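The values are calculated or read from the model by the stated rules, or taken from the named source; none is laboratory data. Quantities reported herein were computed from a predicted structural model and do not represent experimental measurements. Here the Cβ positions follow ideal geometry from the backbone for every residue, glycine too, while neighbour counts run over all protein chains shown. The accessibility values were calculated without ligands, DNA or RNA, using every heavy atom of the protein model including side chains. Shrake-Rupley method; radii C 1.70, N 1.55, O 1.52, S 1.80 Å.
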Amino acid sequence: LEIANAQESSSVSRKGLAESTKAFKKLGDEEKMSEWGPLLKKYQAEIDSLTKRSKAAEQNFLRSYTVLKDVPEPASLLSALAQETSALLQMKANHDKVVQELDEYKTEFQTLRNQDVTIRRLEEKIASMEE
């Protein structure tokens, strides 16, 4: 907001200075001598205003720079994050594979237990037939 106001003020001031300069050029030699001082003061005021704006801009830039200079390089952080993400995705894939294998082993174990029960029954049946 402050910058926008300064820009608007500078633009208005420049237009006024341009108009004063055009009016000065149209004056006669004697009138130019009497109007030279006030026109010079207007130019000096414009220069002072521009110098003030320039210093303010430089101070704002330096303030921003001092805040940002200590911020770490984002490329290295992003690279590390990408590596960690890749490792996590690999771990997730391995996890899914192990879970699938575990399910298969559970199914196989259940089948083996059923077979074991069947074998025991058959052994009992054979034993009872032998008696």
Compute the semi-axes of the equivalent ellipsoid of the chain, taking the square root of 5 times each eigenvalue of the Cα gyration tensor, and list them largest first in whole Å. 98, 14, 9
Peptides ranked, highest mean first, by Cβ atoms within 10 Å: ranges 104-110, 47-53: 47-53, 104-110
Give the total of Lys-Lys pairs in the chain with Cα-Cα distances below 24 Å; include a pair only if its members are 8 or more places apart or on different chains. 23
Excluding residue 35 itself, what net charge comes from residues whose Cβ is under 14 Å from its Cβ, given Lys and Arg +1 and Asp and Glu -1? +2
Which percent of the accessible area of the range 1-86 is formed by carbon and sulfur heavy atoms (probe 1.4 angstrom)? 60 percent
In Å², and per residue, what accessible area does the chain have when probed at 1.4 Å with the other protein chains present? 90 Å²
Where only alpha carbons of the range 82-124 are counted, the Rg and the Dmax (Å): 18.6, 63
In sequence order, calculated HN-Hα J values of the range 109-119 (Karplus, 6.51, -1.76, 1.60; Hz; x Gly/Pro): 5, 4, 5, 5, 5, 4, 5, 4, 4, 5, 4
Residue by residue through the range 20-28, which ³J(HN,Hα) values in whole Hz follow from phi under the Karplus form 6.51 cos²θ - 1.76 cosθ + 1.60 (θ = phi - 60°), with glycine and proline marked x? 4, 5, 5, 5, 5, 5, 7, 6, x
Rounded to the nearest 0.05, what FRET efficiency is calculated for residue 15 and residue 60 with R0 set to 25 Å and r the Cβ-Cβ distance? 0.50
Accessible surface of residue 71 in the full protein assembly, 1.4 angstrom probe, to the nearest 10 Å²? 90 Å²
Where the centroid of each part is defined by its Cα atoms, how far is the range 107-128 from the range 1-70 in Å? 102 Å
